[in-house]
Amino acid sequence: MASSLFHQSDVADPYSIYKGMLDKNPVYWDEINQIWAIYSYEYCVQILKNPKFEIPLVNLDNEQKLNETALVILSNLTRLSNGIQHKITREIAMLLFSNMNSIAINQIILQLIENDLYENKIDWVNSVCKKLPVLSILKSFRFKEEDCDFITEKIEALSKIMLPKKTDEQVKLINDNVGKLYFIIEKQLSDLPFYKPLLIKVSEKNDVSAEEIIPIVISNFIGLCIQSYDAGRGILSNSLLQIIRNKTFSKKIEIEKSVVETLRFDPPIHNTRRIATEDILIGKNHIKKNDSVLIVLASANRDAERFDNEFDFNIERMNNNENLAFGIGGHICLAKYFSINLATEALWYLFDQYKTIRLLEDKIHYEPLINARLPKNIWISIL
Ligand code: HEM
């Protein structure tokens, strides 16, 4: 019996696995892991749009022994909340996002490249992808240089707060750094002019005190940094690989179309999870209350029922933007356009400034993650 859960680092071509499942078992009960795995576009959308499938709880009864600040953050993240709590936390995350100031990202990329370029070689993942999305957010909220340095250095460790299971070492790193992070972010946001009006607006609308809104704001700002670090890194990495392999870099519009097609063809986030809150029929399958569900977004993106010649990378396919890379329904990513725009600007800058970009290694190694396919390194030469 096939297991639906595997580390992306262990699998050279996950898409052939998804195709096998899509053809035979688009809704599959994985006995080993006690989870339903959903491979077809139609059923992934059906589940993501159905609020009766909820986001699973992380860290029930604080089994992971997170400290008080880490618990505050975890319990307020919109990405992990449901129902009315999700409505308020998502509204706050979106308000934060809408208060970003526009910044010149070319300046940031140039600096990141210059910092690490050695003999015309650079590791695109570690030097640019892991830093640019977080820095773009921080700088657009006017964080000081030293605060940007602290947050970009610690964000990898803090991003583990989202994991359903954590090692003791991961918990220690979260607990050791979360206090300072929370303090820096609260201080900086409270100095900005939008902050107090935002607290008042949300507290009046939802009949909650402004004091109660503060931890939700700070936690979700940290959430934005974490998600931009993980998934933002992936969109920049995977798009570069496809653009080099398919030579689609001669115009900015080509880069943008390539980013969108990469999101369908090789998305950074391969799956997300839900729990059924009641018995629900999906196709002919009875999903029972409390059953776990794995929604394989990357498989839905290669469903022939939705995308013609699904295994071809084709930037001109009319419906590439119907991909599920950012999810769909109530929890759809709120940074979809920001992320596509950031990746387009960054990659266009790279190909416009440097005329010859070459991959130095054909074999790409991936992080040992179940939900995301993120290259560990991409060594390129730029001339
Ligand atoms: C600056 C970068 C990003 C930020 C700040 C960000 C933030 C967020 C937030 C706050 C949510 C939760 C929304 C909610 O639960 O209501 C979310 C959901 C999601 N994001 Fe992003 N995101 C970013 C980039 C990306 C990228 C590049 C991808 C993949 C291409 C991605 C994929 C997703 C997916 C799949 C979900 C939905 C998960 C689900 O429904 O279970 N995100 N994002």
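The values are calculated or read from the model by the stated rules, or taken from the named source; none is laboratory data. Small disclaimer: the values here were computed from a predicted structure and weren't measured. Using ideal geometry, Cβ is built from the backbone for each residue, glycine included, and neighbour counts are taken over all protein chains shown. To get the accessible areas, we keep the full protein, side chains included, count just its heavy atoms, and leave off ligands, DNA and RNA. Shrake-Rupley method; radii C 1.70, N 1.55, O 1.52, S 1.80 Å.
Summary table below
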{"quantity": "The chain: DSSP helices with Cα axial extent of at least 20 Å and average Kyte-Doolittle hydropathy no lower than 0.5", "calculated": "210-246"}
{"quantity": "Extension gain, LYS165 back to GLN85 (0.36 nm per residue minus Cα-Cα distance, nm)", "calculated": "26.5 nm"}
{"quantity": "Inter-centroid distance (Cα atoms) of segment 98-132 relative to segment 1-60, Å", "calculated": "34 Å"}
{"quantity": "GluC sites (Glu not before Pro) lying in DSSP loop within segment 13-76, provided at most 13 other Cβ fall within 10 Å", "calculated": "GLU31, GLU63"}
{"quantity": "Solvent-accessible area of ARG79 with every protein chain in place, 1.4 Å probe, in Å² to the nearest 10", "calculated": "90 Å²"}
{"quantity": "FRET efficiency estimate (nearest 0.05) - Cβ-Cβ, LEU60 to ILE370, R0 22 angstrom", "calculated": "0.70"}
{"quantity": "For LYS288, solvent-accessible area (1.4 Å; no DNA, RNA or ligand), Å²", "calculated": "120 Å²"}
{"quantity": "1.4 Å probe accessible area per residue over the chain, in Å²", "calculated": "47 Å²"}
{"quantity": "Protein-only accessible surface order, largest first, of SER140, SER75 at 1.4 Å", "calculated": "SER75, SER140"}
{"quantity": "Cα centre as origin, Lys/Arg/Asp/Glu Cβ charges: the chain dipole, Debye", "calculated": "420 debye"}
{"quantity": "Heavy atoms of VAL45 accessible to a 1.4 Å probe, total area in Å² rounded to 10", "calculated": "30 Å²"}
{"quantity": "Kirkwood Rh, Cα atoms: Rg over Rh of segment 8-382", "calculated": "0.96"}
{"quantity": "Accessible-area order (highest first, 1.4 angstrom probe) of the listed residues HIS86, HIS331", "calculated": "HIS331, HIS86"}
{"quantity": "Stretchable slack from ILE275 to ILE244, in nm (0.36 nm times residue separation minus alpha-carbon distance)", "calculated": "7.2 nm"}
{"quantity": "ILE32-LYS205 pseudo-label distance in nm [points 7 Å out on the Cα-to-Cβ vector]", "calculated": "4.6 nm"}
{"quantity": "Among ILE332, ASN59, THR167 the positive-end extreme of the charge dipole of the chain (Cβ point charges)", "calculated": "ILE332"}
{"quantity": "Percent accessible area from carbon and sulfur atoms, segment 8-382, protein chains only, probe 1.4 Å", "calculated": "51 percent"}
{"quantity": "Within segment 294-360, chymotrypsin sites (Phe, Trp or Tyr not before Pro) in DSSP loop having at most 15 other beta-carbon neighbours inside 10 Å", "calculated": "PHE311, TYR354"}
{"quantity": "List GLU212, GLU156, ordered by accessible area with a 1.4 Å probe, largest first", "calculated": "GLU212, GLU156"}
{"quantity": "Model label zone, GLU186; criterion: amide N under 12 Å from point 7 Å along Cα-to-beta-carbon; scope segment 63-95", "calculated": "69-70, 72-73"}
